[in-house]
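Worksheet: the structure to be examined is printed underneath.
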Amino acid sequence: MAKQKRLSWTKLLFYLAIPLAVGTVSGLLVREGFSHFEARPQPALTPPPWVFPVVWTLLYSSMGVASYLVAVNSPLKRDPALSIYFLQLLFNFFWPLLFFGLEAYLGALLWLAALFLLVLYTTVCFWRINTAAGWLMLPYLIWLLFAAYLNFGVYLLNR
């Protein structure tokens, strides 16, 4: 019988804090861009503005738990997966800067495509290490597809 690993609250909080900090700092940097964005034509199915911080907080929390589940494994397994994870977080950090800050909608869409591929690869890597971690990444992938739809719609409506 496999030995059950004990929950490390310190590690869990650390891995939760990382994506939440990425989202918070990125959001603060483009705070003014949100009001400009809201004034622009939006594609159908665009949710009300309050939905975005709620969804992203849930997604960042889910990512944090997933990364924790991977981080408690042996370095040989976890290090490559966490490297890709941190790379996708870096891409995640810059997308709002492109989209809201620079209003570079086409560039943001291309960046989002790269982010999606990185998250897909991260999800596969996480899944191989811990199935629950893989499942926890799936809502993020789905939301990125929806974000791509919104990004493309904003691009088309605001060229």
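Every number in this text was worked out from the coordinates using simple rules, so none of it is lab data. Everything numeric in this text was worked out from a predicted model, so none of it was measured. Note: ideal-geometry Cβ built from the backbone for every residue, glycine included; neighbour counts use all protein chains shown.
Here L144, L7 are placed in order of increasing Cβ neighbour count within 10 Å, fewest first, which gives L7, L144. Considering only alpha-carbon pairs that sit under 8 angstrom and 6 or more positions apart, the relative contact order computed for the chain is 30 percent.
Around the Cα centre of the chain, unit charges on the Cβ atoms of Lys, Arg, Asp and Glu (plus for the first two, minus for the last two) sum to a dipole of about 660 debye.
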